[in-house]
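Just below is one structure, and these are the notes that go with it.
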């Protein structure tokens, strides 16, 4: 069982690549098929509403999904040639897109309703892109400078079960876990109006808290050379790479695409989010 879990965390052979591709790649493929099936109605809705916000998130879901699928395919190809460079690059690109999506949701919603949709979107993309680029730079230094295989198997058990590798992922996980924990506390503070009252938003946050708790626990176990951490971190990896894009779609885009009422894009973006189904008149328990 541990070997299968290791394949989800640190793939290093053709067999491991096949396991990773099936477990991570198939859900991604199904999600892209769903997006493709709904492509024309979604495009018509985006064109009619002229929502820059929804269009940006929709495009990001396509980009991240395609990169994730390409990475899974490249994992099988590269495993046969022992050349991890292309795979690392694709993994970095996928991570950049996913991290940018994660950060953008938080940055966008915390801006409140004091700016227009375009202003909020521009600020959100700049801030989330800057953070994702910074994190990618750190990861690149570890991979290509210090030769620490953050995405792949370290070549030996001693190299893979090392704090050099897992301290990076633990730091990332703890940072995001702290942010999401603070968001869950905000509804009970004077800043509660900056967040959506919609229960699905808080369920989205709870899911990410669970994913990050699993990832943190797995990283601690692996850094402590406990192989059972592969299964814990493998579950977190599966949830993040294969479940997060559909989760974001269900939470923020599904209701927008199913709503037939028009949106006034000249209004402030708070009104846009409210009409799209993000906000309600009062907070509900989730």
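Annotation: of all residues in the range 35-49 being surrounded by 12 or more Cβ atoms within 10 Å (Cβ to Cβ) and either at pLDDT below 85 or touching a helix residue (DSSP H, G or I) at 6+ places or on another chain (Cβ under 8 Å) (or both), the one that is nearest to residue 73 (Cα to Cα) is 35. Entry remark, the range 224-239: residues being crowded, with 21+ Cβ neighbours inside 10 Å and under 12 Å from the mean Cα position of the chain (by Cα) number 2 in total. Any residue at all in the range 69-85 that's under 14 Å from the mean Cα position of the chain (by Cα), buried (at least 19 other Cβ atoms within 10 Å of the Cβ) and at pLDDT 85 or above? Within the range 69-85, none of the residues are under 14 Å from the mean Cα position of the chain (by Cα), buried (at least 19 other Cβ atoms within 10 Å of the Cβ) and at pLDDT 85 or above. Among the residues of the range 149-160, those that are touching a helix residue (DSSP H, G or I) at 6+ places or on another chain (Cβ under 6 Å) and either surrounded by fewer than 18 Cβ atoms within 10 Å (Cβ to Cβ) or in contact (Cβ under 8 Å) with a residue 24 or more places away in the chain (or both) comprise 151, 153, 154.
Within the range 166-180, the set of residues being within 20 Å of residue 224 (Cβ to Cβ) and without any contact (Cβ under 8 Å) to a residue 24 or more places away in the chain comprises just one member, 171. How many residues, within the range 209-223, are surrounded by fewer than 21 Cβ atoms within 10 Å (Cβ to Cβ) and closer than 15 Å to residue 106 by Cβ? Adding up the residues that qualify gives 1. Is there a residue being closer than 30 Å to residue 4 by Cβ, modelled with pLDDT of 80 or more and assigned to a helix (DSSP H, G or I) anywhere in the range 190-204? Checked the range 190-204: at least one residue is closer than 30 Å to residue 4 by Cβ, modelled with pLDDT of 80 or more and assigned to a helix (DSSP H, G or I).
Within the range 124-132, one or more residues are modelled with pLDDT of 90 or more and exposed (fewer than 13 other Cβ atoms within 10 Å of the Cβ).
The values are calculated or read from the model by the stated rules, or taken from the named source; none is laboratory data. Note that the coordinates shown come from a computational prediction; the quantities given were computed from them, not determined experimentally. All Cβ positions, glycine included, derive from the backbone under ideal geometry; neighbour counts span all protein chains shown.
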